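Peer 1: Take this structure first; my questions come after.
The values are calculated or read from the model by the stated rules, or taken from the named source; none is laboratory data. Quick caveat: nothing in here was measured; it's all calculated off a predicted structure. Positions of Cβ are generated from backbone atoms using ideal geometry, with glycine treated the same way; all protein chains shown enter the neighbour counts. Note: areas computed on protein heavy atoms with side chains; ligands, DNA, RNA excluded. Shrake-Rupley method; radii C 1.70, N 1.55, O 1.52, S 1.80 Å.
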Amino acid sequence: QILMCPEHEMEKVNMYCEICRRPVCHLCKLGGGHANHRVTTMNTAYKTLKEKLSKDIEYLISKESQVKSHITQLDLLLKETECNSERAKEEASQKFEKLFQVLEERKSVALLAIDASKNLRLEKLQAQTEEYQGLLENNGLVGYAQEVLKETDPSCFVQTAKQLHVRIQKATESLKSFRPAAETTFEDFVVDIAKQEEILDVLSFHSKGIEIPEINEEQSRMYSKALISWECPGKTDSADFYVLGYRKLNREEESVTWQEVEVCSKSKVIADLDDDSSYAFRVRGYKGSICSPWSREVILRTPPAPVLSFLFDDKCGYNSEHLLLNSRRTSVESRAGISLLLGSERMQAGCYTTLDYIIGNTGIAKGKHFWAFRVEAYSYLVKVGVVSSNKIQKLFHNTHDTTSPRYEQDSGHDSGSEDAFFDSSQPFTLVTLGMKKFFIPTTPAAPKDPASRILPLPSCLGICLDSDKGRVGFYDAGCMRCLYECKVDCSGIMYPAFALMGSAAIHLEEAFTAKYREYNNDI
(Lines give C-alpha, C1' and ligand atoms only; values in the text may rest on other atoms or scores of the structure.)
Protein backbone atom coordinates (compact mmCIF):
# COMPACT_ATOMS: atom_id res chain seq x y z
CA GLN A 1 0.00 0.00 0.00
CA ILE A 2 1.03 3.60 -0.59
CA LEU A 3 1.94 5.33 2.66
CA MET A 4 -0.07 8.55 3.10
CA CYS A 5 0.76 11.45 5.40
CA PRO A 6 -1.15 11.15 8.74
CA GLU A 7 -1.41 14.95 8.94
CA HIS A 8 -2.32 15.55 5.26
CA GLU A 9 -4.39 12.52 4.31
CA MET A 10 -4.41 13.31 0.57
CA GLU A 11 -0.63 13.64 0.32
CA LYS A 12 1.92 10.88 -0.12
CA VAL A 13 5.00 10.88 2.06
CA ASN A 14 8.04 11.65 -0.08
CA MET A 15 10.60 12.98 2.43
CA TYR A 16 12.17 11.87 5.71
CA CYS A 17 12.54 14.23 8.71
CA GLU A 18 15.94 13.61 10.31
CA ILE A 19 14.93 15.44 13.49
CA CYS A 20 11.68 13.53 14.18
CA ARG A 21 12.89 10.38 12.36
CA ARG A 22 9.65 9.83 10.46
CA PRO A 23 8.35 10.12 6.88
CA VAL A 24 6.66 13.43 5.94
CA CYS A 25 5.05 15.01 2.91
CA HIS A 26 5.98 18.23 1.14
CA LEU A 27 3.19 20.15 2.95
CA CYS A 28 4.71 19.20 6.31
CA LYS A 29 7.98 20.76 5.15
CA LEU A 30 6.45 23.84 3.56
CA GLY A 31 4.19 25.02 6.35
CA GLY A 32 3.60 22.20 8.79
CA GLY A 33 5.25 21.08 11.97
CA HIS A 34 8.48 20.13 10.16
CA ALA A 35 9.05 23.47 8.40
CA ASN A 36 12.29 24.23 10.24
CA HIS A 37 13.48 20.64 10.43
CA ARG A 38 16.25 19.08 8.41
CA VAL A 39 14.82 16.61 5.86
CA THR A 40 16.24 14.28 3.23
CA THR A 41 14.82 12.37 0.29
CA MET A 42 13.06 9.10 0.89
CA ASN A 43 15.58 7.20 -1.23
CA THR A 44 18.47 8.61 0.76
CA ALA A 45 16.75 7.73 4.03
CA TYR A 46 15.96 4.27 2.65
CA LYS A 47 19.58 3.60 1.72
CA THR A 48 20.94 5.03 4.99
CA LEU A 49 18.57 3.13 7.28
CA LYS A 50 18.92 -0.07 5.28
CA GLU A 51 22.70 0.20 5.48
CA LYS A 52 22.58 0.79 9.24
CA LEU A 53 20.15 -2.08 9.77
CA SER A 54 22.27 -4.40 7.63
CA LYS A 55 25.38 -3.50 9.58
CA ASP A 56 23.59 -4.11 12.89
CA ILE A 57 22.34 -7.49 11.68
CA GLU A 58 25.80 -8.42 10.42
CA TYR A 59 27.24 -7.40 13.76
CA LEU A 60 24.79 -9.66 15.62
CA ILE A 61 25.51 -12.57 13.27
CA SER A 62 29.26 -12.10 13.69
CA LYS A 63 28.81 -12.28 17.45
CA GLU A 64 26.99 -15.64 17.38
CA SER A 65 29.77 -17.40 19.28
CA GLN A 66 29.71 -14.67 21.88
CA VAL A 67 25.92 -15.02 22.22
CA LYS A 68 26.27 -18.79 22.71
CA SER A 69 28.92 -18.17 25.33
CA HIS A 70 26.59 -15.79 27.13
CA ILE A 71 23.78 -18.37 26.98
CA THR A 72 26.07 -20.99 28.53
CA GLN A 73 27.05 -18.50 31.20
CA LEU A 74 23.39 -17.69 31.86
CA ASP A 75 22.58 -21.42 32.23
CA LEU A 76 25.27 -21.67 34.89
CA LEU A 77 23.91 -18.57 36.56
CA LEU A 78 20.43 -20.14 36.63
CA LYS A 79 21.75 -23.20 38.44
CA GLU A 80 23.87 -21.08 40.74
CA THR A 81 20.86 -18.92 41.54
CA GLU A 82 18.83 -22.01 42.49
CA CYS A 83 21.59 -23.29 44.79
CA ASN A 84 22.23 -19.89 46.35
CA SER A 85 18.52 -19.31 46.95
CA GLU A 86 18.19 -22.65 48.78
CA ARG A 87 21.26 -21.85 50.84
CA ALA A 88 19.88 -18.41 51.65
CA LYS A 89 16.52 -19.89 52.67
CA GLU A 90 18.27 -22.40 54.93
CA GLU A 91 20.37 -19.68 56.55
CA ALA A 92 17.30 -17.46 57.02
CA SER A 93 15.36 -20.37 58.56
CA GLN A 94 18.20 -21.06 60.96
CA LYS A 95 18.28 -17.41 62.03
CA PHE A 96 14.53 -17.36 62.67
CA GLU A 97 14.67 -20.70 64.48
CA LYS A 98 17.28 -19.21 66.75
CA LEU A 99 14.99 -16.27 67.40
CA PHE A 100 12.12 -18.65 68.11
CA GLN A 101 14.31 -20.58 70.55
CA VAL A 102 15.26 -17.40 72.40
CA LEU A 103 11.61 -16.36 72.55
CA GLU A 104 10.53 -19.79 73.84
CA GLU A 105 13.15 -19.65 76.59
CA ARG A 106 12.08 -16.17 77.65
CA LYS A 107 8.44 -17.27 77.49
CA SER A 108 9.10 -20.23 79.80
CA VAL A 109 10.91 -18.03 82.33
CA ALA A 110 8.08 -15.47 82.30
CA LEU A 111 5.35 -18.08 82.76
CA LEU A 112 7.21 -19.75 85.62
CA ALA A 113 7.56 -16.41 87.40
CA ILE A 114 3.83 -15.77 87.02
CA ASP A 115 2.96 -19.21 88.37
CA ALA A 116 5.24 -18.77 91.40
CA SER A 117 3.67 -15.41 92.23
CA LYS A 118 0.17 -16.87 91.77
CA ASN A 119 0.83 -19.76 94.20
CA LEU A 120 2.21 -17.44 96.86
CA ARG A 121 -0.78 -15.14 96.62
CA LEU A 122 -3.24 -18.03 96.73
CA GLU A 123 -1.64 -19.31 99.94
CA LYS A 124 -1.99 -15.90 101.61
CA LEU A 125 -5.57 -15.43 100.51
CA GLN A 126 -6.49 -18.99 101.55
CA ALA A 127 -5.07 -18.41 105.05
CA GLN A 128 -6.96 -15.12 105.30
CA THR A 129 -10.16 -16.89 104.22
CA GLU A 130 -9.79 -19.56 106.84
CA GLU A 131 -9.20 -16.88 109.48
CA TYR A 132 -12.42 -15.08 108.62
CA GLN A 133 -14.37 -18.29 108.49
CA GLY A 134 -13.48 -18.75 112.19
CA LEU A 135 -15.38 -15.58 112.97
CA LEU A 136 -18.67 -17.13 111.92
CA GLU A 137 -21.18 -18.33 114.55
CA ASN A 138 -20.60 -21.91 115.78
CA ASN A 139 -17.29 -21.92 113.98
CA GLY A 140 -13.77 -21.39 115.20
CA LEU A 141 -13.16 -18.44 117.52
CA VAL A 142 -16.81 -17.45 117.95
CA GLY A 143 -17.90 -21.03 118.74
CA TYR A 144 -15.13 -21.37 121.30
CA ALA A 145 -16.10 -18.05 122.91
CA GLN A 146 -19.71 -19.15 123.11
CA GLU A 147 -18.63 -22.28 124.99
CA VAL A 148 -16.47 -20.22 127.36
CA LEU A 149 -19.46 -18.06 128.26
CA LYS A 150 -21.21 -21.18 129.57
CA GLU A 151 -18.47 -21.64 132.22
CA THR A 152 -19.90 -21.04 135.77
CA ASP A 153 -16.72 -21.38 137.74
CA PRO A 154 -15.33 -17.83 138.10
CA SER A 155 -11.70 -18.85 138.37
CA CYS A 156 -11.80 -21.07 135.29
CA PHE A 157 -13.70 -18.43 133.32
CA VAL A 158 -11.25 -15.64 134.15
CA GLN A 159 -8.26 -17.75 133.27
CA THR A 160 -9.71 -18.68 129.86
CA ALA A 161 -11.50 -15.43 128.99
CA LYS A 162 -8.39 -13.22 129.38
CA GLN A 163 -6.54 -14.72 126.40
CA LEU A 164 -9.79 -15.16 124.46
CA HIS A 165 -10.60 -11.46 124.81
CA VAL A 166 -7.29 -10.49 123.21
CA ARG A 167 -8.03 -12.72 120.21
CA ILE A 168 -11.57 -11.31 119.92
CA GLN A 169 -10.19 -7.72 119.90
CA LYS A 170 -7.75 -8.54 117.09
CA ALA A 171 -10.56 -10.13 115.06
CA THR A 172 -12.73 -7.04 115.65
CA GLU A 173 -9.96 -4.66 114.47
CA SER A 174 -9.41 -6.86 111.41
CA LEU A 175 -13.08 -6.49 110.45
CA LYS A 176 -12.92 -2.71 110.81
CA SER A 177 -9.85 -2.38 108.49
CA PHE A 178 -10.26 -5.22 106.02
CA ARG A 179 -7.47 -5.61 103.43
CA PRO A 180 -6.78 -8.67 101.25
CA ALA A 181 -3.56 -10.47 102.08
CA ALA A 182 -2.44 -10.38 98.41
CA GLU A 183 -3.04 -8.38 95.22
CA THR A 184 -5.09 -10.00 92.51
CA THR A 185 -3.60 -8.04 89.60
CA PHE A 186 -0.42 -9.02 87.78
CA GLU A 187 0.57 -5.57 86.43
CA ASP A 188 4.18 -6.14 87.36
CA PHE A 189 4.30 -9.12 85.01
CA VAL A 190 3.35 -7.35 81.76
CA VAL A 191 6.01 -8.06 79.09
CA ASP A 192 7.27 -4.88 77.38
CA ILE A 193 8.13 -5.70 73.74
CA ALA A 194 7.96 -2.19 72.23
CA LYS A 195 11.71 -1.97 71.56
CA GLN A 196 11.85 -5.50 70.27
CA GLU A 197 8.97 -4.76 67.89
CA GLU A 198 10.85 -1.78 66.47
CA ILE A 199 13.91 -3.94 65.89
CA LEU A 200 11.89 -6.70 64.26
CA ASP A 201 10.05 -4.21 62.03
CA VAL A 202 13.33 -3.26 60.33
CA LEU A 203 14.58 -6.83 60.18
CA SER A 204 15.61 -7.37 56.53
CA PHE A 205 18.30 -8.84 54.33
CA HIS A 206 19.76 -5.42 53.52
CA SER A 207 20.54 -4.17 56.98
CA LYS A 208 23.06 -6.49 58.59
CA GLY A 209 24.33 -3.33 60.26
CA ILE A 210 25.61 -1.86 56.96
CA GLU A 211 23.89 0.94 55.07
CA ILE A 212 23.90 1.01 51.26
CA PRO A 213 26.26 3.86 50.24
CA GLU A 214 25.20 6.41 47.60
CA ILE A 215 27.56 8.01 45.07
CA ASN A 216 27.44 11.81 45.32
CA GLU A 217 27.10 12.96 41.70
CA GLU A 218 27.74 16.62 42.57
CA GLN A 219 31.11 15.88 44.18
CA SER A 220 32.11 13.17 41.69
CA ARG A 221 33.90 14.49 38.59
CA MET A 222 35.79 13.30 35.56
CA TYR A 223 38.84 15.17 34.28
CA SER A 224 42.44 13.97 34.07
CA LYS A 225 41.25 11.15 36.32
CA ALA A 226 37.92 10.15 37.83
CA LEU A 227 37.14 11.45 41.33
CA ILE A 228 34.34 9.38 42.85
CA SER A 229 32.82 10.38 46.21
CA TRP A 230 30.06 8.68 48.15
CA GLU A 231 28.23 8.88 51.46
CA CYS A 232 25.86 6.84 53.62
CA PRO A 233 22.19 7.91 53.85
CA GLY A 234 22.29 7.94 57.64
CA LYS A 235 25.54 9.98 57.65
CA THR A 236 27.11 7.20 59.72
CA ASP A 237 30.19 5.24 58.76
CA SER A 238 28.91 1.74 59.57
CA ALA A 239 31.33 -0.03 57.17
CA ASP A 240 34.93 -0.99 57.90
CA PHE A 241 35.89 -0.34 54.27
CA TYR A 242 34.35 0.06 50.82
CA VAL A 243 34.82 -1.54 47.42
CA LEU A 244 34.49 0.73 44.38
CA GLY A 245 33.60 -1.02 41.14
CA TYR A 246 33.86 0.49 37.65
CA ARG A 247 33.69 -0.67 34.06
CA LYS A 248 33.81 0.84 30.59
CA LEU A 249 30.53 1.05 28.68
CA ASN A 250 31.20 -0.02 25.11
CA ARG A 251 29.20 -2.56 23.14
CA GLU A 252 32.26 -3.37 21.02
CA GLU A 253 34.12 -4.64 24.08
CA GLU A 254 33.99 -8.41 24.49
CA SER A 255 34.35 -8.28 28.29
CA VAL A 256 32.11 -6.37 30.68
CA THR A 257 34.00 -7.42 33.80
CA TRP A 258 33.86 -4.96 36.66
CA GLN A 259 37.17 -3.77 38.06
CA GLU A 260 37.17 -3.36 41.84
CA VAL A 261 39.39 -1.46 44.24
CA GLU A 262 39.30 -1.46 48.05
CA VAL A 263 38.96 1.97 49.70
CA CYS A 264 39.19 2.88 53.38
CA SER A 265 37.74 6.39 52.91
CA LYS A 266 34.62 7.71 51.14
CA SER A 267 36.29 8.86 47.91
CA LYS A 268 38.74 7.51 45.38
CA VAL A 269 40.71 8.80 42.39
CA ILE A 270 40.71 6.35 39.46
CA ALA A 271 43.43 6.75 36.81
CA ASP A 272 44.28 5.12 33.47
CA LEU A 273 40.82 5.55 31.92
CA ASP A 274 40.36 5.68 28.15
CA ASP A 275 39.62 9.05 26.55
CA ASP A 276 36.19 9.83 25.09
CA SER A 277 34.56 6.89 26.89
CA SER A 278 31.70 6.36 29.33
CA TYR A 279 32.27 4.51 32.59
CA ALA A 280 29.83 3.14 35.14
CA PHE A 281 30.68 3.34 38.84
CA ARG A 282 29.16 1.61 41.88
CA VAL A 283 30.19 1.10 45.51
CA ARG A 284 29.36 -1.22 48.40
CA GLY A 285 30.32 -1.29 52.08
CA TYR A 286 31.97 -4.14 54.03
CA LYS A 287 31.86 -4.89 57.74
CA GLY A 288 34.01 -7.91 58.37
CA SER A 289 32.95 -10.57 55.88
CA ILE A 290 29.46 -9.08 55.48
CA CYS A 291 28.80 -6.63 52.64
CA SER A 292 25.95 -4.33 51.67
CA PRO A 293 24.24 -4.47 48.26
CA TRP A 294 25.77 -2.40 45.44
CA SER A 295 24.78 1.24 45.20
CA ARG A 296 22.94 2.68 42.20
CA GLU A 297 25.26 2.95 39.20
CA VAL A 298 26.49 6.40 38.15
CA ILE A 299 27.75 6.99 34.60
CA LEU A 300 30.48 9.56 33.87
CA ARG A 301 32.22 10.34 30.59
CA THR A 302 35.94 10.99 30.17
CA PRO A 303 37.24 14.02 28.20
CA PRO A 304 37.50 13.60 24.42
CA ALA A 305 41.31 13.94 24.58
CA PRO A 306 44.20 13.85 27.08
CA VAL A 307 44.12 16.72 29.57
CA LEU A 308 46.54 19.59 28.93
CA SER A 309 48.12 20.95 32.12
CA PHE A 310 49.12 24.61 32.07
CA LEU A 311 49.07 27.84 34.06
CA PHE A 312 48.21 31.38 33.09
CA ASP A 313 51.22 33.14 31.50
CA ASP A 314 52.22 36.18 33.59
CA LYS A 315 54.79 37.44 31.08
CA CYS A 316 53.55 37.34 27.50
CA GLY A 317 51.24 40.35 27.11
CA TYR A 318 49.93 40.09 30.67
CA ASN A 319 48.40 43.41 31.81
CA SER A 320 48.86 43.57 35.58
CA GLU A 321 46.97 46.86 35.76
CA HIS A 322 43.73 45.29 34.54
CA LEU A 323 44.16 41.61 35.43
CA LEU A 324 44.88 39.97 38.78
CA LEU A 325 46.45 36.49 39.01
CA ASN A 326 46.43 34.33 42.11
CA SER A 327 49.73 33.04 43.50
CA ARG A 328 49.43 29.65 41.76
CA ARG A 329 48.45 31.27 38.45
CA THR A 330 45.34 29.09 38.20
CA SER A 331 42.82 31.96 38.50
CA VAL A 332 42.59 35.33 36.80
CA GLU A 333 40.25 38.20 37.58
CA SER A 334 39.67 41.45 35.71
CA ARG A 335 39.66 44.55 37.84
CA ALA A 336 38.90 48.23 37.18
CA GLY A 337 41.55 50.59 38.59
CA ILE A 338 42.86 54.14 38.24
CA SER A 339 44.31 53.38 34.82
CA LEU A 340 40.85 52.55 33.53
CA LEU A 341 39.46 55.83 34.83
CA LEU A 342 42.31 57.78 33.28
CA GLY A 343 41.81 55.94 30.02
CA SER A 344 38.14 56.91 29.98
CA GLU A 345 39.14 60.49 29.02
CA ARG A 346 39.80 59.33 25.46
CA MET A 347 36.59 57.29 25.23
CA GLN A 348 33.79 58.53 22.99
CA ALA A 349 30.10 58.11 23.71
CA GLY A 350 28.94 54.52 23.35
CA CYS A 351 32.48 53.09 23.42
CA TYR A 352 34.12 50.80 25.92
CA THR A 353 37.64 49.72 26.64
CA THR A 354 38.71 46.62 24.78
CA LEU A 355 39.17 43.15 26.22
CA ASP A 356 42.23 42.22 28.29
CA TYR A 357 43.83 39.02 27.00
CA ILE A 358 45.86 36.35 28.75
CA ILE A 359 47.18 33.02 27.41
CA GLY A 360 48.34 29.71 28.82
CA ASN A 361 52.06 29.08 29.35
CA THR A 362 52.00 25.78 27.41
CA GLY A 363 51.70 25.54 23.64
CA ILE A 364 50.37 22.74 21.42
CA ALA A 365 52.29 21.75 18.30
CA LYS A 366 50.48 18.52 17.45
CA GLY A 367 47.95 16.01 18.72
CA LYS A 368 44.60 16.34 20.45
CA HIS A 369 44.28 18.02 23.85
CA PHE A 370 41.55 19.06 26.30
CA TRP A 371 41.39 21.55 29.16
CA ALA A 372 38.59 22.82 31.39
CA PHE A 373 37.85 25.88 33.49
CA ARG A 374 35.09 27.63 35.40
CA VAL A 375 33.76 31.12 34.73
CA GLU A 376 32.29 32.99 37.68
CA ALA A 377 28.54 33.54 37.36
CA TYR A 378 28.90 37.30 37.86
CA SER A 379 31.23 37.67 34.86
CA TYR A 380 29.98 40.28 32.39
CA LEU A 381 31.99 39.36 29.28
CA VAL A 382 34.56 36.61 28.76
CA LYS A 383 36.05 35.11 25.60
CA VAL A 384 37.77 31.73 25.53
CA GLY A 385 39.46 29.69 22.83
CA VAL A 386 42.86 29.31 21.15
CA VAL A 387 45.39 31.59 19.49
CA SER A 388 48.29 30.81 17.16
CA SER A 389 51.86 31.81 18.02
CA ASN A 390 51.93 33.61 14.65
CA LYS A 391 49.17 35.96 15.78
CA ILE A 392 49.91 36.49 19.48
CA GLN A 393 51.62 39.83 18.85
CA LYS A 394 48.66 41.06 16.82
CA LEU A 395 46.30 39.82 19.54
CA PHE A 396 47.96 41.81 22.32
CA HIS A 397 48.61 44.79 20.08
CA ASN A 398 44.87 45.28 19.62
CA THR A 399 44.30 45.48 23.37
CA HIS A 400 45.81 48.97 23.55
CA ASP A 401 43.09 50.44 21.33
CA THR A 402 39.50 51.26 22.15
CA THR A 403 36.64 49.70 20.32
CA SER A 404 32.87 49.70 20.40
CA PRO A 405 31.08 46.44 21.02
CA ARG A 406 29.06 47.25 17.91
CA TYR A 407 32.09 46.46 15.78
CA GLU A 408 33.67 43.78 17.89
CA GLN A 409 33.19 40.32 16.38
CA ASP A 410 30.39 38.43 18.24
CA SER A 411 30.40 40.31 21.52
CA GLY A 412 27.46 38.28 22.68
CA HIS A 413 25.44 41.41 23.46
CA ASP A 414 22.99 43.55 21.51
CA SER A 415 25.30 44.83 18.80
CA GLY A 416 25.43 45.21 15.07
CA SER A 417 27.81 42.27 14.73
CA GLU A 418 25.05 39.74 15.27
CA ASP A 419 24.29 39.67 11.54
CA ALA A 420 27.94 39.47 10.49
CA PHE A 421 29.53 36.11 9.79
CA PHE A 422 32.45 34.77 11.77
CA ASP A 423 35.62 36.42 10.51
CA SER A 424 38.32 33.77 10.05
CA SER A 425 40.97 36.48 9.60
CA GLN A 426 40.84 37.61 13.23
CA PRO A 427 43.95 36.67 15.27
CA PHE A 428 42.15 34.09 17.41
CA THR A 429 39.31 31.57 17.54
CA LEU A 430 37.15 32.43 20.54
CA VAL A 431 33.58 32.11 21.74
CA THR A 432 31.79 34.59 23.97
CA LEU A 433 30.55 33.93 27.49
CA GLY A 434 28.85 36.26 29.88
CA MET A 435 25.83 36.92 32.07
CA LYS A 436 25.51 33.12 32.69
CA LYS A 437 25.15 32.49 28.94
CA PHE A 438 27.13 30.70 26.21
CA PHE A 439 26.91 32.46 22.82
CA ILE A 440 27.37 30.34 19.70
CA PRO A 441 29.31 32.45 17.14
CA THR A 442 27.50 33.69 14.03
CA THR A 443 28.53 31.45 11.16
CA PRO A 444 26.85 30.42 7.90
CA ALA A 445 25.92 27.11 9.56
CA ALA A 446 24.61 28.70 12.76
CA PRO A 447 20.86 29.27 13.31
CA LYS A 448 19.59 32.62 12.01
CA ASP A 449 17.50 33.24 15.14
CA PRO A 450 19.75 34.94 17.75
CA ALA A 451 17.82 33.36 20.63
CA SER A 452 18.66 29.85 19.39
CA ARG A 453 22.40 30.67 19.60
CA ILE A 454 22.24 31.47 23.33
CA LEU A 455 22.72 28.53 25.70
CA PRO A 456 22.93 28.38 29.51
CA LEU A 457 26.54 28.63 30.67
CA PRO A 458 27.74 25.27 32.09
CA SER A 459 29.24 25.28 35.56
CA CYS A 460 32.46 23.95 34.00
CA LEU A 461 33.47 24.57 30.37
CA GLY A 462 35.98 22.55 28.36
CA ILE A 463 37.93 23.13 25.13
CA CYS A 464 39.23 20.36 22.88
CA LEU A 465 41.84 21.25 20.24
CA ASP A 466 42.74 18.77 17.51
CA SER A 467 45.75 20.45 15.92
CA ASP A 468 46.22 17.61 13.44
CA LYS A 469 42.73 18.01 11.99
CA GLY A 470 42.55 21.76 12.59
CA ARG A 471 39.38 21.75 14.69
CA VAL A 472 38.45 23.18 18.08
CA GLY A 473 35.39 22.21 20.13
CA PHE A 474 33.75 23.77 23.17
CA TYR A 475 32.24 21.36 25.71
CA ASP A 476 30.04 21.20 28.77
CA ALA A 477 32.75 19.60 30.92
CA GLY A 478 30.20 18.22 33.37
CA CYS A 479 28.72 15.75 30.88
CA MET A 480 31.38 16.11 28.12
CA ARG A 481 28.76 17.28 25.59
CA CYS A 482 30.01 19.34 22.65
CA LEU A 483 28.26 22.72 22.44
CA TYR A 484 30.05 24.13 19.39
CA GLU A 485 32.85 23.08 17.02
CA CYS A 486 34.63 24.88 14.18
CA LYS A 487 37.75 24.84 12.04
CA VAL A 488 40.89 26.64 13.19
CA ASP A 489 44.20 27.46 11.53
CA CYS A 490 46.87 25.44 13.38
CA SER A 491 49.84 26.45 11.23
CA GLY A 492 51.74 27.68 14.31
CA ILE A 493 51.97 26.59 17.93
CA MET A 494 48.54 26.95 19.51
CA TYR A 495 47.97 28.40 23.00
CA PRO A 496 44.89 28.48 25.23
CA ALA A 497 43.56 32.05 25.13
CA PHE A 498 41.24 33.97 27.42
CA ALA A 499 39.87 37.52 27.40
CA LEU A 500 37.99 39.44 30.09
CA MET A 501 36.10 42.74 30.18
CA GLY A 502 34.30 44.33 33.09
CA SER A 503 33.83 42.28 36.23
CA ALA A 504 34.86 38.71 35.41
CA ALA A 505 36.94 35.79 36.69
CA ILE A 506 38.22 32.46 35.31
CA HIS A 507 39.49 29.47 37.30
CA LEU A 508 41.42 26.65 35.63
CA GLU A 509 40.28 23.15 36.50
CA GLU A 510 43.08 21.38 38.35
CA ALA A 511 44.08 17.77 37.78
CA PHE A 512 43.02 15.26 40.46
CA THR A 513 45.76 13.74 42.59
CA ALA A 514 45.94 11.61 45.73
CA LYS A 515 46.72 14.77 47.72
CA TYR A 516 43.63 16.41 46.22
CA ARG A 517 41.48 13.50 47.46
CA GLU A 518 43.05 13.52 50.94
CA TYR A 519 42.58 17.29 51.16
CA ASN A 520 38.89 16.99 50.34
CA ASN A 521 38.48 14.16 52.83
CA ASP A 522 39.95 16.36 55.55
CA ILE A 523 37.44 19.07 54.64
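Peer 1: Spelling out what I want: for every residue of region 116-132, take phi, set θ = phi - 60°, compute 6.51 cos²θ - 1.76 cosθ + 1.60 (Karplus), and round to whole Hz; glycine and proline get x.
Peer 2: Values, residue by residue: 5, 5, 4, 4, 5, 5, 4, 4, 5, 5, 5, 5, 5, 5, 4, 5, 6 Hz.
Peer 1: Using a 1.4 Å probe and counting only protein heavy atoms, arrange Lys89, Lys248 so the residue with the most accessible area comes first. If you can, show how the numbers build up before the last one.
Peer 2: On the way: Lys89 120, Lys248 50 Å².
Ranked from most to least accessible, the order is Lys89, Lys248.
Peer 1: Determine the dipole magnitude for region 219-323: charges of +1 sit on the beta-carbon of Lys and Arg, -1 on that of Asp and Glu, nothing else is charged, the reference point is the Cα centre, and the result goes in debye to the nearest 20.
Peer 2: Roughly 500 debye, rounded to the nearest 20.
Peer 1: Leaving ligands, DNA and RNA out of it, report the carbon-plus-sulfur percent of the accessible area of region 214-301 at a 1.4 Å probe. Let's see the in-between values first.
Peer 2: Working: 2020 of 4720 Å².
Heavy-atom surface of region 214-301 belonging to carbon and sulfur, 1.4 Å probe: 43 percent.
Peer 1: Counting only Cα, what are the radius of gyration and maximum Cα-Cα distance Dmax of region 214-301, in Å?
Peer 2: Taking only Cα atoms of region 214-301, I get Rg and Dmax of 13.1, 40 Å.
Peer 1: Which residue, chosen from Leu125, Cys156, Ala110, occupies the Cα position most advanced towards the positive end of the dipole of region 45-184, where the dipole is computed from +1 (Lys, Arg) and -1 (Asp, Glu) charges on Cβ about the Cα centre?
Peer 2: Sorting the options by dipole projection puts first Ala110.
Peer 1: Wrap a convex hull around the Cα atoms of region 45-184, take a quarter of its surface area, and give that in square nanometres.
Peer 2: Details: hull surface 86.0 nm².
For region 45-184, the mean projected area of the Cα convex hull comes to 21.5 nm².
Peer 1: Modelling each spin label as a point 7 Å along the Cα-to-Cβ direction, I'd like the Asn36/Glu260 distance in nm, to one decimal.
Peer 2: So the label points at Asn36 and Glu260 sit 5.2 nm apart.
Peer 1: Using a Förster distance of 30 angstrom, determine the FRET efficiency expected from the C-beta separation of Trp294 and Gln101, and round it to 0.05.
Peer 2: 0.35
Peer 1: Right, here's the next one. Accessible area of Ser69, 1.4 Å probe, to the nearest 10 Å²?
Peer 2: 70
Peer 1: Listed here are the pairs Lys366/Lys391; Lys29/Lys448; Lys12/Lys448; which of them are more than 27 Å apart at the Cα?
Peer 2: Lys12/Lys448
Peer 1: Moving on to the next point. Given a cut-off of 23 Å, name the pairs among Lys63/Lys248; Lys368/Lys487; Lys436/Lys469 whose C-alpha atoms lie farther apart than that in the structure shown.
Peer 2: Lys436/Lys469
Peer 1: Taking amide H positions as placed 1.01 Å from N in the peptide plane, with prolines and chain starts having none, which residues 5 or more places from Glu151, or on another chain, fall under 5 Å of its amide H?
Peer 2: Placed amide hydrogens put nothing under 5 Å from Glu151.
Peer 1: How much accessible area per residue does region 45-184 have, counting only protein heavy atoms and a probe of 1.4 Å, in square angstrom?
Peer 2: Result: 86 Å² of accessible area for each residue.
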